[in-house]
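The next block holds one structure in the form of structure tokens; read it before the comments.
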Amino acid sequence: MTTTRFAPSPTGYLHVGNLRTALFNFLIARQSGGQFILRLDDTDPERSKPEYTDAIQRDLEWLGLDWDRIETQSSRLDRYMAAADDLRNKERFYEAFETLTELDLKRKKQLNMGKPPVYDRAALDLSEVEKDALRVDRSGHWRFKLDHERIEWHDGILGDISIDAASVSDPVLIRGDGQVLYTLASVVDDTEMGITHVVRGSDHVTNTATQIQIIEALGGTVPTFAHHSLLTGPQGEALSKRLGTLALKDLRERGVEPLALLSHMARLGSSDPVELRSSMQELIDGFDLSRSGSAPTKFDEEDLFPLTAKYLHAQPVQAVKGDLDALNIPADKQDAFWTVARENITTRHDIAAWWRLCQDGADPVIDAEDTDFVATALTLLPAQPFDDQSWSTWTAAVKEKTGRKGRALFMPLRKALTGMDHGPDMSTLMPLLQVIKTKP
Ligand code: GLU
């Protein structure tokens, strides 16, 4: 059975980049009838905040990415300590004392000499006496001792990967202040929670290499890994700085529909075209992780709006009943109103303006050359309430009286009644118009 997890750190709001990770893990779990775990990587007590934990859950609920179980790393610290002891007993864990400044200096020296900036394992040469002396004014951090061999795996997206462990620094797993770092916590969780597939961003490829060795050292089963490409802006520019403005909560507030967003993200960067899905099941059935590309994926949030509009155009009135009720649209008018409105909106936020037009009328827009024409036309307006014949009856009468036809006849009348030069078919809109304003 497939078990996946989405493991955000509750140190900020979810953005479109995180969403790809969440969605891919969710979809492959659901495809196989497996489990999808929401894991909160909250081992950093300073940066992790309950409001972000709440926001993450709210975003996932909004999208319909339901999880089977929730886990928090902060409640599993004893498990990480046990794993650390295990590594220590197996002589795969060593204490080091370099400060960040010292490490930085070492790196610079190595780079100057044209060498890769890999930690030189100087700490392994320290005697117990030297370590005790260092412990007087600083606390040691703990590194995992990599086996210097090639680490290989078949990546579900990138294909065969091979990384020389000697080109990677021994990862720090526990900081000097005792904080357990993600690399260890994640491995312990993945192993103990029976995670079978890990899908995450390609910024984690090197982590995967070291994590495979840690899992093996702990006697765990290595899951299947897949690393999706990172998103860039529409011009290929790095998105990392802008991700703060591409938070899911902001897209929600701007009226993006969940299925439009999910349909877009499920296919973006894959060899299949983006297709709007009308249900989660369709999305699950149509997903194929192996079709994802490894090249950076261009993301333009503006693409979400035509898809949102398309989604809404296809919705029956029941799907928006809550929105229509909130605008106090009488039940007997909702069906007719929605039929007209849905063709003319991009997001749900646009519904209100159409209802305002129906209920309160619009300030007429009358071009100077049409003043007399519109004044004459308004005297011929059929009695209210209008029906689906009102527009044709009226325009026929106006045509007869004024001799105008075509656009010169229709456009000034549309602008007089709606204040706009575009919008729904007037014969379906007119029965909904309750007020006709004759003056701005
Ligand atoms: N908390 C990590 C992150 O957000 C999880 C990475 C992973 O999936 O292992 O980057």
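The values are calculated or read from the model by the stated rules, or taken from the named source; none is laboratory data. Since the model is a prediction, treat every value here as computed from it, not as a measurement. Please note: Cβ atoms are built from the backbone with ideal geometry, for glycine as well, and neighbour counts cover all protein chains shown. In case anyone asks, the SASA skips ligands and DNA or RNA and just uses the protein heavy atoms, side chains included. Shrake-Rupley method; radii C 1.70, N 1.55, O 1.52, S 1.80 Å.
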Determine if region 66-86 includes at least one residue that is under 14 Å from the mean Cα position of the chain (by Cα) and more than 23 Å from residue 299 (Cβ to Cβ).
no
Only one of 59, 54, 41 is under 23 Å from residue 175 (Cα atoms) and at pLDDT 95 or above. Can you tell me which?
41
Could you list all residues from region 1-57 that are within 12 Å of the ligand (Cβ to nearest atom) and in a strand (DSSP E or B)?
4, 5, 6, 15, 37, 38, 39, 40
Out of all the residues in region 321-370, which are open to solvent by less than 70 Å² (accessible area, probe 1.4 Å) and hydroxyl-bearing (Ser, Thr, Tyr)?
346, 347
Show the residue pairs meeting these rules: Cβ distance below 7 Å; 6+ apart or different chains; first residue within region 371-400 and touching a residue at least 12 places away in the same chain (Cβ under 8 Å) and open to solvent by less than 80 Å² (accessible area, probe 1.4 Å); second residue among the charged types (D, E, K, R) and assigned to a loop (DSSP other than H, G, I, E, B).
373/404
Filtered residue count, region 207-222, keeping only those that are open to solvent by 10 Å² or more (accessible area, probe 1.4 Å) and either within 12 Å of the ligand (Cβ to nearest atom) or of a type in the set (Gly, Ala, Ser) (or both)
4
Considering residues of region 122-163 that are open to solvent by 60 Å² or more (accessible area, probe 1.4 Å) and in a strand (DSSP E or B) only, the residue nearest to residue 226 (Cα to Cα)
154
Only one residue in 119, 80 is part of a loop (DSSP other than H, G, I, E, B), out of contact with any Phe, Trp or Tyr (no Cβ under 7 Å at 6 or more places or on another chain) and not charged (D, E, K, R), so which one is that?
119
Determine, yes or no, whether residue 299 is closer than 19 Å to residue 254 by Cα, free of Cβ contacts under 8 Å to residues at least 60 places away in the same chain and of a type outside the set (Ser, Thr, Tyr).
no
I'm trying to understand the selection: among the residues of region 284-317, which are in contact with a helix residue (DSSP H, G or I) (Cβ under 9 Å, 6 or more places away or on another chain), open to solvent by 20 Å² or more (accessible area, probe 1.4 Å) and assigned to a helix (DSSP H, G or I)?
285, 289, 291, 301, 303, 305, 306, 307, 310, 311, 313, 317
Some residue of region 183-195 being within 15 Å of the ligand (Cβ to nearest atom), crowded, with 20+ Cβ neighbours inside 10 Å, in a loop (DSSP other than H, G, I, E, B) and under 24 Å from the mean Cα position of the chain (by Cα)
yes
Take the conditions among the acidic types (Asp, Glu) and surrounded by fewer than 21 Cβ atoms within 10 Å (Cβ to Cβ) and apply them to residue 170. Does it pass?
no
Quick count over region 1-38, residues being charged (D, E, K, R) and either open to solvent by less than 20 Å² (accessible area, probe 1.4 Å) or modelled with pLDDT under 95 (or both), is 2
